[in-house]
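First comes the structure, then the notes that go with it.
The values are calculated or read from the model by the stated rules, or taken from the named source; none is laboratory data. Being a predicted model, the structure only gives us computed values, none of them experimental. All Cβ positions, glycine included, derive from the backbone under ideal geometry; neighbour counts span all protein chains shown.
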């Protein structure tokens with residue numbers, strides 16, 4: 001193989017990783033939350049499926065990679081993160097929304113696992129159970145699939 005072929009191969013191989021880092025890193029930096037926690041929440045909430053939608057018993061919906069609940073729509077609009085609910089299906093916007101919501105939990109509970117668990121629920125039992133799940137995912141290492149990384153690479157939203 002010629003050197004140019006090696007370079008192109010390396011670029012094509014790394015592009016999804018760079019783009020994944022871009023969406024996650026931008027959100028992590030903007031909202032001062034750990035990127036690895038965002039990645040773990042994505043894994044737990046949607047398994048890396050950007051089109052994930054969940055209809056809850058109370059009639060609310062959870063959207064996208066970070067399963068953003070419709071109860072948060074007005075807050076996300078007032079913060080300028082979204083203009084309308086459908087924007088939550090855009091992967092990078094969904095990550096921005098989730099990172100913002102997580103940052104609010106850190107502001108409320110401090111920089112700890114309780115805050116991470118509160119991303120899912122403020123109810124102690126559910127909060128602590130969720131925090132333990134996220135902790136296990138974090139301890140296991142990187143979790144986003146190549147498919148998710150490729151999707152984030154093709155996303156133009158920030």
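Just one of (1) over 17 Å from residue 116 (Cβ atoms); (2) outside any loop (DSSP other than H, G, I, E, B); (3) modelled with pLDDT of 95 or more; (4) touching a helix residue (DSSP H, G or I) at 6+ places or on another chain (Cβ under 8 Å) fails for residue 86. It is (4). Within region 39-83, being under 18 Å from residue 122 (Cβ atoms) and assigned to a loop (DSSP other than H, G, I, E, B) holds for 56, 57, 58, 60, 66, 67. The residues of region 60-86 that are in contact with a strand residue (DSSP E or B) (Cβ under 9 Å, 6 or more places away or on another chain) and without any contact (Cβ under 8 Å) to a residue 12 or more places away in the chain, listed by number, are 60, 61, 86. Summed over region 146-158, residues that are modelled with pLDDT of 60 or more and part of a loop (DSSP other than H, G, I, E, B) total 1.
The lone criterion from (1) part of a helix (DSSP H, G or I); (2) touching a helix residue (DSSP H, G or I) at 6+ places or on another chain (Cβ under 8 Å); (3) under 22 Å from residue 79 (Cβ atoms); (4) modelled with pLDDT of 95 or more left unmet by residue 29 is number (2). Candidates 95, 137: the one that is within 13 Å of residue 37 (Cβ to Cβ) and either at pLDDT below 95 or in contact with a strand residue (DSSP E or B) (Cβ under 9 Å, 6 or more places away or on another chain) (or both) is 137. Consider region 94-111 and keep the residues that are buried (at least 24 other Cβ atoms within 10 Å of the Cβ) and either out of contact with any helix residue (DSSP H, G or I) (no Cβ under 7 Å at 6 or more places or on another chain) or touching a residue at least 40 places away in the same chain (Cβ under 8 Å) (or both). The one that is farthest from residue 26 (Cα to Cα) is 102. Output yes when any residue across region 41-57 is on the phi > 0 side of the Ramachandran plot and out of contact with any helix residue (DSSP H, G or I) (no Cβ under 7 Å at 6 or more places or on another chain), and no when none is. Yes, that holds for at least one residue.
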